[in-house]
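Encoded as structure tokens, the structure appears first; notes follow it.
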Amino acid sequence: MAPRRAGYGEGGFTLLEVMIAVGILGVSMTSLLTSQMASIRATRYAQAITSVAFLAEYQLIEVEWRMQKDGGWVREDRHYEGNFSDQGWPEVSYDCLVDFIEIPDYSKIRAAKDAKARDTDGRTGTQYKTAGDQAFSALAIVWPMVKAAIENSIRKTTCKVHWEEGPRKHELKVSTFWTDPDKLNTIPKLGGEALPGEEEGGGQAGGGASGAGGSASTATGPAGQAARGMEMGGMRK
């Protein structure tokens with residue numbers, strides 16, 4: 001008795017079915033590989049931004065030390081640039097600016113106030129001077145000393161850190177304010193200051209406080225978007 005011949009499709013897959021299965025597998029593997037590569041790039045960028053943030057914070061401390069070594073605060077901007085070769089990151093560079101914050105002269109403030117007052121008087125049709133206007137005029141006597149004291153006691157420092165990952169260029173910017181409260185003692189006393197021994201025991205509403213400003217940083221990511229701001233304090237590399 002002759003053996004029965006297998007019917008169509010009973011002996012295995014046809015070439016068309018195999019090609020369809022390979023095509024589906026290829027599309028799936030391509031999508032999986034793309035997602036894995038994106039995950040690897042995101043992890044690598046997260047590691048880099050963490051290290052660069054510490055480098056930037058370290059550099060802020062380094063710039064402050066260099067300024068003290070170079071003669072302290074001066075009434076002009078200071079600029080520092082270089083890389084982190086000594087820290088083992090030669091491909092990462094920095095550009096730091098210590099900004100001398102210039103306070104406007106009294107004449108400019110007065111002109112702006114008068115311009116606003118003229119605009120307000122023109123709308124209301126009234127012209128009068130208040131006690132506040134008289135006090136503002138008296139401010140001209142002490143404003144030069146106030147201006148100098150504030151300018152000598154505050155500096156804004158910004159460090160930009162640059163690095164590359166393949167064809168992409170990245171930047172992290174860290175900004176902070178330095179203050180020297182002792183230099184504010186040159187402001188003339190206006191009366192009402194607490195005498196020695198009176199700082200404690202008084203009402204809490206009138207108490208003063210001195211604080212140190214933190215640093216805020218902004219980074220541009222691989223897609224050119226700004227990463228979240230960070231409040232950091234500590235080593236800056």
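Just so you know, all these numbers are worked out from the coordinates, no wet-lab data involved. Since the structure is predicted, the reported quantities are computational estimates derived from the model, not experimental observations. Glycine gets a Cβ as well: all are built from the backbone with ideal geometry, and neighbour counts include every protein chain shown.
From the cross-link list 116/156; 147/173; 69/183, which pairs have alpha carbons spaced over 23 Å apart?
Check vs 23 Å cut-off fails for 116/156; 147/173.
What order do you get for 51-63, 95-107, 79-91, 30-42 when each peptide is scored by the mean count of other beta carbon atoms within 10 Å, highest first? Could you put the intermediate results ahead of the total?
Details: 51-63: 21.2, 95-107: 15.5, 79-91: 12.8, 30-42: 10.5.
My ranking of the peptides, most packed first, is 51-63, 95-107, 79-91, 30-42.
What's the extension gain from residue 162 to residue 20 if we count 0.36 nm per residue and subtract their Cα-Cα distance?
46.3 nm
Where does each of 145-151, 164-170 land if you order them by average Cβ count within 10 Å, highest first? Don't skip to the answer; put the middle values down first.
Numbers: 145-151: 15.7, 164-170: 11.7.
Sorting 145-151, 164-170 by mean packing, highest first, produces 145-151, 164-170.
Step through the residues of region 155-165 one at a time and calculate ³J(HN,Hα) from phi using the Karplus curve (6.51 cos²θ - 1.76 cosθ + 1.60, θ = phi - 60°), rounding each to whole Hz and writing x for Gly and Pro.
These are the phi-based 3J(HN,Hα) values: 9, 9, 10, 10, 10, 10, 10, 10, 7, 10, 10 Hz.
List, in order, the whole-Hz ³J(HN,Hα) value for each residue of region 45-58 obtained from phi through the Karplus relation with A = 6.51, B = -1.76, C = 1.60 and θ = phi - 60°; use x for Gly and Pro.
5, 4, 5, 5, 5, 5, 5, 5, 4, 5, 5, 5, 5, 4
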